[in-house]
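Read the structure below first, then the notes.
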Amino acid sequence: MPEIAPRTVTLRLNQQQLELLDRTLPRAGVTDRAELVRLALREAAEQEAAR
């Protein structure tokens, strides 16, 4: 997969969504919300590229 230029993404999440992210951190093997979002975006981009 080609290197993707860095971009800034702003998410507006409610308390329930933040709690879900926090519960997902250990299962995803990451340490913070930003890292989890980067992982999710990377995986989504890889799936899109595979189409």
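Throughout, read-outs are computed from the coordinates displayed, never taken from laboratory work. Computed from a predicted structure; not experimentally measured. For neighbour counting, all protein chains shown are included, and Cβ atoms are generated from backbone atoms with ideal geometry for every residue, glycine included.
Go through the range 23-51 residue by residue and tally those that are surrounded by 10 or more Cβ atoms within 10 Å (Cβ to Cβ) and not in a helix (DSSP H, G or I).
So the count comes out to 3.
Take LEU18 and decide whether it is free of Cβ contacts under 8 Å to residues at least 40 places away in the same chain, in a helix (DSSP H, G or I), surrounded by 13 or more Cβ atoms within 10 Å (Cβ to Cβ) and not small (Gly, Ala, Ser).
no
Return yes when ARG42 is under 10 Å from the mean Cα position of the chain (by Cα) and at negative phi and no when it is not. Explain how you work it out, then say what you get.
Numbers: under 10 Å from the mean Cα position of the chain (by Cα): yes; at negative phi: yes.
Yes: the conditions hold for ARG42.
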